[in-house]
1. Treating the beta-carbon of each Lys and Arg as +1 and of each Asp and Glu as -1, no other charges, what is the dipole magnitude of chain A about its Cα centre, to the nearest 20 debye?
2. At q = 0.08, 0.09, 0.11, 0.15 Å⁻¹, what log₁₀ I(q)/I(0) does the stretch A:2-255 have when each alpha carbon counts as one equal point scatterer in the Debye sum?
3. With the convex hull built on the Cα atoms of the stretch B:88-169, state its orientation-averaged projected area in nm².
4. Measuring from label point to label point, each 7 Å out along Cα→Cβ, what is the residue A:112 to residue A:166 span in nm?
5. In whole Å, what are the Cα extents of the protein assembly as shown along the three principal axes, biggest one first?
6. Would you mind ranking A:211, B:367 so that the residue whose beta carbon has the fewest other beta carbons within 10 Å leads the list?
7. Which residue, chosen from B:181, B:270, B:353, occupies the Cα position most advanced towards the positive end of the dipole of the stretch B:2-386, where the dipole is computed from +1 (Lys, Arg) and -1 (Asp, Glu) charges on Cβ about the Cα centre?
8. Please state the charge dipole magnitude for chain B, taken about the Cα centre, from unit charges on C-beta atoms (+1 on K and R, -1 on D and E), reported in debye and rounded to the nearest 20.
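Bear in mind that the values in this text are calculations on the coordinates, not laboratory data. Keep in mind that what you see is a predicted model, and the values were worked out from it rather than measured. Here the Cβ positions follow ideal geometry from the backbone for every residue, glycine too, while neighbour counts run over all protein chains shown.
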Amino acid sequence: MELKTIQTAHVPVQYYEGGQGQPLVYFHGAGGLDLEQGFLKALAEKYHVYAPLLPGYGESEECAELRDMLDFTLHGWDVVDALGIKNPILAGHSMGGMIAAEMAAIAPHDVSRLVLIASAGLWLDDHPIPDLFSTMPFELPKYLFHDEAAGAKAMGANIELTDPAFLQVFLVRNARQLGAAGKILFPIPDRGLRDRLYRIKAKTLLIWGESDKLVPPVYAQAFQSALPHARLVMIKEAGHMVTFEKTGEVVSALSAQ
Amino acid sequence: MKFTWFNLMPWPHLPDDFREKNRSVWVDIDSKLFDPEKSHEVYNTYFDLLEYAATLGFDAIGANEHHQNGYGLMPSPNLIAAGLARRTEDVALLVLGASIALYNPPIRVAEEFAMLDCISGGRLIAGFPVGTSMDTNFCYGQIPALTREKYREAHELIMRAWHEREPFAFNGRYTKLRYVNIWPRPIQQPHPPIHIPGGGSIETYDFCIDNTYSYSYLSFTGYLRAKMLLQGYWERVAARNADTSPHRAGFAQTICVADTDAEAERLFAPHVNYFYNRCLHVYPGFADAPGYRTIKTIQKGVLSQYAPLAGFDNLTWKDLIEGGHVIAGSPETVRQRMEDLIKGLHVGNVFCLMHVGDMPAEKCMYSTKLFAEKVMPRLRNIFPEYADDHRFWCKPMAKRVKAGSLPQMQETV
């Protein structure tokens, strides 16, 4: 994958690009793309993949003009336009799924397929999604992974936060990333997507890890009941970071149709 | 020098095993620990103590705003100030303050502060905090990265509402109003003096300097640790070519006075311990929602005081005294340390936290009286050259009415 930068209406945006074939634009979750490099690579064997980093992530500049869901949705389309792509497959994980779904709802004729992986965007009172914003780094693995220990190791969640220099780098990164994510996820990750899902016309695939404890599988059912033509693939022994834990199975499910 | 008597209004009945059984004193504190019937006495005692301080010559008595917080029983500081306005005559009322980004629409604050100013005869000093992350983000749901923009807009709206004398339309991003025309208006024109509590954000330094507001650092970790932060403020004041009047800054300090140093420890150590080791037990995940603090501020190394790296665990009386968290001892000991504080930080306003933790009323009165009689008078004139700087203090009406001044009931009118 190659890391590049394009200018959008507000800020320059960094993105990964690689592979050949049908264009697929992938929107990452609140944690960014650090754990998904392998997934992007595998995906690039089947598609021409573009994976933009949202403003605040990586070298993509923070963007004060992005405040609410509509801003994020239009920013998604701004990126697609800047890349010069027509009728892409839109795929997104978690927060990225929420953005991709909104994009498909606002411009239903411009999306060839929609893939929502462990997507955020809905809220069920009986199944409250854990509060990501008050969760300490060392507590995250239990929500994100089927195999907590392996996940914790991969994300370096057990890092010592007592070294002030390291802590500062960590806090700045966290403030940039989750600060941006908070605009559409805080304090409840619901900005009314449910009321707009009916507009989605693209063929939709839902992919979920069976042991997702952040956005549990009951949310897959909720998406499916609002998108009656969507197909659901549940993946065993995978948590919220299903793209990391079961990379091959996600890519196969995605490319099976 | 101006001295404000302050009480955070802690809940005094947190159990001994509070730390072990609860993850936080704030945000998700166990609501079963609050006993409404007991609170009747707690609230009324706290009011009495504030009113008592007013009789001893403190310049102001203060209230502040916290939500879902075991050491702060004032979700609405204006309700407290309203009660105090009626029960006191000369003392200034310092509301530090109303979190203006939390009111919808924010002109509610312009209205309520105007009411307080009118009721009290111009005794109001108004505070506009951004609010802690616990209050603003986790309890009141404001989006962290947008909190400061919303705050700035609320401030602009309130200021225009106080300054402009014709109805105007306000087309804000967070508040849209077709007819802004507040009624009543404050006695102090164009508005009461404004104090801004800050936690070290550079943006807040500039905001205070630009608007001639007093910058207050409300810390629990004492004056020794505050030096760096206030030094940053004074450097900024100098860099912006503003005057260096000490009234541009305020500082909150926990103070306990007794006849001797040993007596102070004996009397107050348990209550100080209750506050530092029980009331400040805040879950670190709530201390600083990502996006609440600006990147610039984090890069300067300014972090939340509620999630200290070493924790507040098991601070002893000795730790707290030596660390300067608490100034306690005989009147002479306290005077010396207060002088160090005032000169060292160059602050003209001191918020005296004289009720601490679960301190009973009689001990608090004893300490308060000693401070007022034996310490305060000897600290009054530390900055004689700035004695005439009244920009940051209220200007009450000369002739004010007293509460309870109805005429005698006549048989016929």
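1. Numbers: 21 positive and 30 negative charges, 158 e Å.
I would put it at about 760 debye.
2. Ignoring solvent entirely, the Cα scatterers give -0.27, -0.35, -0.53, -1.06.
3. Working: hull surface 24.3 nm².
Mean projected area for the stretch B:88-169: 6.1 nm², to one decimal.
4. Once both label points are built, they end up 4.5 nm from each other.
5. That gives 87, 58, 57 Å along the principal axes, largest extent first.
6. Numbers: A:211 18, B:367 24.
The order, fewest Cβ neighbours first, is A:211, B:367.
7. So the residue furthest toward the plus end is B:181.
8. Numbers: 43 positive and 46 negative charges, 211 e Å.
Computed about the Cα centre, the dipole is about 1020 debye.
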